[in-house]
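The values are calculated or read from the model by the stated rules, or taken from the named source; none is laboratory data. All values reported here derive from a predicted model rather than from experimental measurement. With ideal geometry, Cβ positions are generated from the backbone for all residues, glycine too; neighbour counts draw on all protein chains shown. To get the accessible areas, we keep the full protein, side chains included, count just its heavy atoms, and leave off ligands, DNA and RNA. Shrake-Rupley method; radii C 1.70, N 1.55, O 1.52, S 1.80 Å.
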Amino acid sequence: RGVPADAPPAERLEMEPECHERFPAAGRRLQDDEAATLLGVDDAVKRIFDQLSSSGDLGNTVVFFLTDNGYSFGEHRIRGKRCPYEECIRTPFAVRVPWAPATTSTNVVSNVDLAPTIAAFADATPGLPEDGRNLLPILDPRSPDAPVPREGALLEYLGGGSLRSMLDRGRLLS
């Protein structure tokens, strides 16, 4: 892929998947940097919750916590966020609903479900068709609607070649 021979190890790790085997210290350093970044996210989330609590809004605020990608730290000889494997596609998608008990769901959900779900919580009617599904029946025990399980979610990966896969109940189909 045209990686310069004199490129620093950290840059080579991003450009050349097999470099993590030749530069393990740089790989560990990148992983440590990622962990430090996540501590910063933890601090920011705590500040948001502290502010919601002190303003008296925590009891009536639904909070979504998610990311748009995962990260591979050398699994499958890939380092980075662009990969069609579990490390990159199984991402946090957590929702705090103050009036609902904490629970875990095995339903397949996707980022496209955010807009219809937020609209449902806000009791709003979008003016355009939505791509995702309203997750309110899964998240809110007061919802009169029954959850509609999804068979899978589309995963497209066009980096380093062309691969289109379907995530189907935890298995990648290609």
Tell me, yes or no, whether segment 47-61 has at least one residue that is small (Gly, Ala, Ser) and open to solvent by less than 50 Å² (accessible area, probe 1.4 Å).
no
Taking segment 103-137 and keeping residues open to solvent by less than 90 Å² (accessible area, probe 1.4 Å), in contact with a helix residue (DSSP H, G or I) (Cβ under 9 Å, 6 or more places away or on another chain) and β-branched (Val, Ile, Thr) leaves Val109, Thr117
Can you list the helices (runs of 4 or more DSSP H) lying wholly within segment 1-98 that have 2 or more residues being modelled with pLDDT of 75 or more and of a type in the set (A, V, I, L, M, F, W, C)?
24-54, 86-89
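For every residue, the table says whether it meets (1) under 19 Å from Gly70 (Cβ atoms); (2) of a type outside the set (Gly, Ala, Ser); (3) out of contact with any Phe, Trp or Tyr (no Cβ under 6 Å at 6 or more places or on another chain).
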position: Val95; (1), (2), (3): yes, yes, no
position: Ala115; (1), (2), (3): no, no, yes
position: Ile118; (1), (2), (3): no, yes, yes
position: Thr125; (1), (2), (3): no, yes, yes
position: Leu135; (1), (2), (3): no, yes, yes
Under 8 Å between Cβ atoms, which residue pairs at least 6 apart in sequence (or on different chains) link something in segment 98-111 that is farther than 20 Å from Gly132 by Cα and without any contact (Cβ under 8 Å) to a residue 60 or more places away in the chain with a partner that is charged (D, E, K, R) and surrounded by 15 or more Cβ atoms within 10 Å (Cβ to Cβ)?
Trp99/Asp140; Ala100/Asp140
